[in-house]
Amino acid sequence: MERNISTFHSLAKNLNKIHKTSCEGVTVVQSSILHEISLHDNPSMQTVANALGMDITTFSRQIGTLEKIKLIKRIPYSKDRRILLLTLTETGQNLVGEINNHIGATMEASLSSMNDFERETVMRSMHLLSEKLKSIEK
């Protein structure tokens, strides 16, 4: 059990460090919001907040900041003006691409000393662990 806890904290710390060094001009939280918006076609604010496990008040403040720096736009939903949909601006799309490229290159460099079998095993295991952790949240 102690080994699992140490591994968890070590992995979380190292992945956060990669994410933080990849975020030019935005916080890790803001980067996560931008990434989540990029995964959907004009998601609602509530959808993105729920996906990230953020309360709507904190999320709204972050959205306000991202809108001020012109990375996202809020668009009222035509069928219910109380619902706001989110979309990335061109600048926001470019930033998400840059962050993803940096994370991808860092991960690739981290895995480069492994042979193909080890690399595939690690990536499959990380994916499986991620899926299992998602199912626990529900």
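The values are calculated or read from the model by the stated rules, or taken from the named source; none is laboratory data. Everything numeric here is computed off the predicted structure, so don't read it as measured data. For neighbour counting, all protein chains shown are included, and Cβ atoms are generated from backbone atoms with ideal geometry for every residue, glycine included.
If you filter region 24-35 down to residues that are touching a Leu at 6+ places or on another chain (Cβ under 9 Å) and at negative phi, you find that the one that is modelled with the lowest pLDDT is Glu24.
Going through Thr87, Thr91, Thr121 one at a time, which residue ends up being free of Cβ contacts under 8 Å to residues at least 60 places away in the same chain, over 17 Å from Thr21 (Cβ atoms), in contact with a strand residue (DSSP E or B) (Cβ under 9 Å, 6 or more places away or on another chain) and not aromatic (Phe, Trp, Tyr)? It would help to see each step written out before you state the result.
On the way: Thr91 fails: in contact with a strand residue (DSSP E or B) (Cβ under 9 Å, 6 or more places away or on another chain); Thr121 fails: in contact with a strand residue (DSSP E or B) (Cβ under 9 Å, 6 or more places away or on another chain).
Exactly one of Thr87, Thr91, Thr121 is free of Cβ contacts under 8 Å to residues at least 60 places away in the same chain, over 17 Å from Thr21 (Cβ atoms), in contact with a strand residue (DSSP E or B) (Cβ under 9 Å, 6 or more places away or on another chain) and not aromatic (Phe, Trp, Tyr), namely Thr87.
Residues being under 19 Å from Ala12 (Cβ atoms) and touching a helix residue (DSSP H, G or I) at 6+ places or on another chain (Cβ under 9 Å): count how many of those fall in region 103-125.
Within region 103-125, residues that are under 19 Å from Ala12 (Cβ atoms) and touching a helix residue (DSSP H, G or I) at 6+ places or on another chain (Cβ under 9 Å) number 7.
Figure legend. Inter-residue proximity from region 22-45: first residues within 22 Å of Glu108 (Cα to Cα), second residues charged (D, E, K, R) and part of a helix (DSSP H, G or I), beta-carbon distance below 7 Å, spacing 6+ or different chains. Indicated pairs: Glu24/Glu98; Val28/Lys20.
If you go through region 13-33 one residue at a time, do you hit one that is among the β-branched types (Val, Ile, Thr), under 17 Å from Leu86 (Cα atoms) and surrounded by 12 or more Cβ atoms within 10 Å (Cβ to Cβ)?
In the first step, residues of region 13-33 are kept if they are among the β-branched types (Val, Ile, Thr); the result is 18, 21, 26-29, 33.
Now restrict to residues that are under 17 Å from Leu86 (Cα atoms): 29, 33.
The next check asks that each one be surrounded by 12 or more Cβ atoms within 10 Å (Cβ to Cβ); those that pass are 29, 33.
Within region 13-33, one or more residues are among the β-branched types (Val, Ile, Thr), under 17 Å from Leu86 (Cα atoms) and surrounded by 12 or more Cβ atoms within 10 Å (Cβ to Cβ).
Would a scan of region 87-96 turn up a residue that is at pLDDT below 95 and loosely packed, with under 14 Cβ neighbours inside 10 Å? No, there is no match, as no residue in region 87-96 is at pLDDT below 95 and loosely packed, with under 14 Cβ neighbours inside 10 Å.
Collect the residues in region 40-85 that are among the small types (Gly, Ala, Ser) and surrounded by fewer than 14 Cβ atoms within 10 Å (Cβ to Cβ), keeping them in residue-number order.
Quick first cut of region 40-85, residues among the small types (Gly, Ala, Ser) only: 44, 49, 51, 53, 60, 64, 78.
Matches in region 40-85: Gly53, Gly64, Ser78.
Out of all the residues in region 98-113, is one or more surrounded by 11 or more Cβ atoms within 10 Å (Cβ to Cβ), at pLDDT 95 or above and within 13 Å of Ile33 (Cβ to Cβ)? Yes, that holds for at least one residue. Return yes or no: is Ile69 in contact (Cβ under 8 Å) with a residue 24 or more places away in the chain and over 15 Å from the mean Cα position of the chain (by Cα)? Spelling it out, Ile69 is indeed in contact (Cβ under 8 Å) with a residue 24 or more places away in the chain and over 15 Å from the mean Cα position of the chain (by Cα).
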